[in-house]
Amino acid sequence: MKLEDYETRWRQKPILEKIYSDFFRRVVESRIPGLTIEIGGGLGKFRDFAGDVYVSDIQAAAGVDICFDALHFPFRDSSLSNVVGIDVLHHFQYPAKIFEEANRVLRRGGRLIFVEPAITVGSFAFYRWFHQEPVRFIPLEALFDICSTADPYDSNQAIPTILATKSGTRWLEQFGLRVEKIQYFSIFAYLLSGGFKRWSLIPKALVTPCLAIDHWLSKFLGKYLGFRLLLVFEKR
């Protein structure tokens, strides 16, 4: 799907706003005060939720404030408080580069925040065989190399989960980043909603109670069954 297809599906499927509002809330609660840049935020929906956010993307769109490649930020050193991304980390061709850039542009205590696919015991089969994007578990050192094609819609959904491991969090220390929070969530709500697919198994009226139940279950079972992952890194 291209950006315009995602925009069309968002309009046609009102429950997406409720599902993604849960993602957005987690990001907002993890931010620190100060200038926030969203990367890969072409639809501009996070800004609609959070307000004080500048939206960037690699391609121009109605909801984009500034176009640039997130592997090369056009900002001064230590000038940003937060860099956030929703479903963007697993699309980077050179994943290590985003951490190098985050270390450069974030001020001390600044945060790099992502909401991404989580590859768990419960989600692996779905992401591996029923989702259009690949799942490839690779060594951490390979994140310095090409992990996908130059097509911004190409990806490796396993990258966020690789970084959430103990070895992954230690690997991030070389970029001056420490892990502030790792949170697995969304055991069934996102799956039953169908995401950006045309279908949904949750009636609109039941989305809110489903999210409440999902939130409670995720506290205990998220690491094993979750479909989503919140990653919060802080500049030391």
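The values are calculated or read from the model by the stated rules, or taken from the named source; none is laboratory data. Predicted model only: the values in this text are computed from it and were never measured. Positions of Cβ are backbone-derived with ideal geometry, glycine not excepted, and every protein chain shown enters the neighbour counts. We work out accessible area using only protein heavy atoms, side chains counted, and drop any ligands, DNA or RNA first. Shrake-Rupley method; radii C 1.70, N 1.55, O 1.52, S 1.80 Å.
Under a Gaussian network description of the chain, with springs only between Cα atoms under 10 Å, the residue in LYS197, LYS18, LYS219 that fluctuates furthest is LYS197. A crude spin-label estimate for the pair ARG25 and PHE137, with each label 7 Å from Cα along the Cβ direction, gives 3.3 nm.
Label-to-label distance for LYS204 and PHE144 is 5.2 nm, based on points extended 7 Å past Cα in the beta-carbon direction.
The spacing between segment 89-113 and segment 154-179, judged by their C-alpha centroids, is 11 Å. Compute the Cα gyration tensor for segment 102-197, then decide on rounded, prolate or oblate, letting a ≥ b ≥ c be the square roots of its eigenvalues: rounded whenever a/c is under 1.5, prolate when a/b is larger than b/c in the other cases, and oblate in all that remain. Prolate, since a/c reaches 1.5 and a/b exceeds b/c.
Going by the alpha-carbon gyration tensor, a ≥ b ≥ c the square roots of its eigenvalues, is segment 95-136 rounded (a/c under 1.5) or, if a/c is not under 1.5, prolate (a/b greater than b/c) versus oblate? Mind dumping the intermediate values first?
Numbers: a/c = 4.43, a/b = 2.66, b/c = 1.66.
Because a/c hits 1.5 or more and a/b exceeds b/c, segment 95-136 counts as prolate.
Each residue was assigned an accessible area with a 1.4 Å probe, and for TYR184 the value is about 40 Å². Taking a straight line from the alpha carbon of LYS219, these lysines sit under 30 Å away, with near neighbours fewer than eight places off in the same chain left out: LYS13, LYS18, LYS45, LYS166, LYS181, LYS197, LYS204, LYS235. In the chain the Cα-Cα distances spread across 5 Å bins starting at 0 as 1, 7, 14, 19, 22, 19, 12, 5, 1, 0 percent of all pairs.
For segment 69-123, with only Lys/Arg (+1) and Asp/Glu (-1) charged at the beta-carbon, what is the dipole magnitude about the Cα centre, in debye rounded to 20?
Details: 6 positive and 6 negative charges, 61 e Å.
It works out to roughly 300 debye.
Please identify which residues in segment 100-140 have an amide N closer than 16 Å to a label point set 7 Å out from the Cα of ARG170, following the Cα→Cβ vector. Under 16 Å, as judged by backbone N against the label point of ARG170, lie 139-140 of segment 100-140.
Specify the inter-centroid distance of segment 202-216 and segment 59-82, based on alpha-carbon positions, in whole Å. A separation of 34 Å, based on Cα centres. A dipole drawn for segment 109-169 from +1 and -1 charges on Cβ atoms has a positive end, and of GLY122, GLN132, LEU143 the residue lying farthest that way is GLY122.
Shape verdict for segment 158-220, please, from the Cα gyration tensor: rounded (a/c under 1.5), prolate (a/b greater than b/c) or oblate. It would help to have the intermediate numbers written out before the result.
Details: a/c = 3.85, a/b = 2.31, b/c = 1.66.
Taking the square roots of the gyration eigenvalues as a ≥ b ≥ c, segment 158-220 is prolate.
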